[in-house]
Amino acid sequence: MTNQQNTSDLSLDGVFHALSDSTRRAVLARLTTGPASVSELAQPFEMALPSFMQHLKVLEGSGLVSTQKQGRVRTCEMEPQALSTAQDWIVEQKALWEGRLDRLESYLDGLQASANKEE
């Protein structure tokens, strides 16, 4: 087995890492309504600005948020297409497990039918 990950796996890891924190999820929820400045995004949180900037760095690194600076104001915008990596993985896992559970149900139904014939 190899320890190398492909680019898609790394992207998926980054998205799930970014989504694993409630502060970052709250920032993304706010950005669904439109772009916002860093100071506007940081305002509801009781943390120092450098700590908040670490959260933004994770969001940017995952591709979920982009920022641009105009003058002294840094504006953040959500990049929803980055969620498609996670969505695709979840859909794939759901289909896999639904198939497994369907096969288990068929197997158990067969066992039940055999037990009923023996009675």
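Observations on the model:
- The convex hull defined by the C-alpha atoms of the chain has an orientation-averaged projected area of 12.6 nm².
- Kyte-Doolittle mean at least -1.0 and Cα axial length at least 30 Å: DSSP H helices in the chain: 83-118
- Based on Cα contacts under 8 Å between residues 6+ apart, the chain shows a relative contact order of 26 percent.
- Whole-percent carbon and sulfur share, accessible surface of the chain, 1.4 Å: 52
- The order of the peptides 61-68, 93-100, 81-88 by mean Cβ neighbours within 10 Å, most packed first, is 61-68, 81-88, 93-100.
- Residue-normalised accessible area of the chain, expressed per residue, 1.4 Å probe, Å²: 73
The values are calculated or read from the model by the stated rules, or taken from the named source; none is laboratory data. What you are looking at is a predicted structure, and each value in this text was computed from that prediction instead of being measured. As a convention, Cβ positions derive from the backbone with ideal geometry for all residues, glycine included, and neighbour counts pool all protein chains shown. For accessibility, only protein heavy atoms count, side chains too; no ligands or nucleic acids. Shrake-Rupley method; radii C 1.70, N 1.55, O 1.52, S 1.80 Å.
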